[in-house]
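Beneath this line is the structure, given in structure tokens, with notes to follow.
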Protein chains: 2
Amino acid sequence: MTAPRAHRAAPDHTHPDHVPLLTALSALADPVRLRLVRELAGSADWDRACGSFDVPVGKAALSHHFATLRAAGLVEQRDAGPKRLNRLRRAEFDARFPGLLDLVLRAEP
Amino acid sequence: MTAPRAHRAAPDHTHPDHVPLLTALSALADPVRLRLVRELAGSADWDRACGSFDVPVGKAALSHHFATLRAAGLVEQRDAGPKRLNRLRRAEFDARFPGLLDLVLRAEP
């Protein structure tokens, strides 16, 4: 019997309350991250694994984009077996930056 | 009598109605431009010449920042003698991206 494969470290998160405005704006000012946020907004919490998004970037770049979204208080992640699942921190982010998510979810790219 | 010195070309402008969301977010996701926008918001239209802002950048960089703000539909400029005067396009920008200016003018850096 082999030992279970070690999981990668759990992801670091930043609560929206501790996110500077410039960090939030920069995180959203990118077409790939905007797409991720919009797809998450259309999905139930924890429904989407990182690999399930329709974005034209490789695995390393995607991982970087998710790190940026976590650091901006936009996304929370947890590992479930081999999958890393995501949810949009909609309520917390709205409380910190009222109207910003509504705007980016409403407007065209 | 010498001929009057030729003026530089009048600046190009983009109306907010034609500005993509990502362009608007990128324009605001910069500390120098955020400062320019905030100082303009606290000044009357056409009151502020480009050289009157308290930002830690040189003339060429400042000129580039203003070009970015014009392209994002945030700032309108006109030349008056040797000065280039500015106004924040608050109403037009608000109509295109409701709440975004309010948010960046309200939040801390």
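Some points to look at:
- Among the residues of A:22-33, the average count of other protein chain beta-carbon atoms within 10 Å of the residue beta-carbon is 5.
- Accessible area of residue B:68 in the full protein assembly, 1.4 Å probe (Å², nearest 10): 40 Å²
- Residue A:17 accessible area, 1.4 Å probe, all protein chains in place, Å² to nearest 10: 90 Å²
- Sequence-separation-based contact order of chain A, relative, with Cα cut under 8 Å and 6+ spacing, percent: 35 percent
- Highest-fluctuation residue, B:85, B:22, B:69 considered, GNM on chain B with Cα pairs under 10 Å: B:22
- Exam field: residue A:45 pseudo-label spacings to other copies (7 Å along Cα-Cβ), nanometres: 4.6
- Taking all protein chains together, A:94, A:47 sort by accessible area into A:47, A:94, largest first [probe 1.4 Å].
- Candidate lysines for bridging to residue B:83, where Cα separation is under 25 Å - those fewer than 8 sequence places away on the same chain excluded: B:59
- Other residues with beta-carbon under 13 Å from the beta-carbon of residue A:100 carry, at +1 per Lys or Arg and -1 per Asp or Glu, a net charge of +1.
- With K and R counted +1 and D and E -1, the other residues having a Cβ less than 12 Å from that of residue B:32 yield a net charge of 0.
- Taken about its Cα centre, region A:16-106 carries a charge dipole of roughly 200 debye when the Cβ of each Lys and Arg holds +1 and the Cβ of each Asp and Glu holds -1.
- Region B:11-78 and region A:40-74: distance between their alpha carbon centers, rounded to Å: 31 Å
- Computed over chain B, the range of Cα coordinates on each principal axis works out to 53, 29, 23 Å, biggest value leading.
- Taken about its Cα centre, the protein assembly as shown carries a charge dipole of about 520 debye when Lys and Arg each add +1 at the Cβ and Asp and Glu each add -1 at the Cβ.
- Proximal charge balance of residue A:12 [Cβ under 15 Å; K/R count +1, D/E count -1]: +3
- At the residue level, residue B:89 shows approximately 20 square angstrom of accessible surface with a 1.4 angstrom probe and all protein chains present.
The values are calculated or read from the model by the stated rules, or taken from the named source; none is laboratory data. Just so it is clear, the model here is predicted, and its values are computed rather than measured. In this analysis, Cβ positions are derived from the backbone assuming ideal geometry, glycine residues included, and neighbour counts consider all displayed protein chains. Heads up: the accessible areas ignore ligands, DNA and RNA and are worked out on the full protein's heavy atoms, side chains in. Shrake-Rupley method; radii C 1.70, N 1.55, O 1.52, S 1.80 Å.
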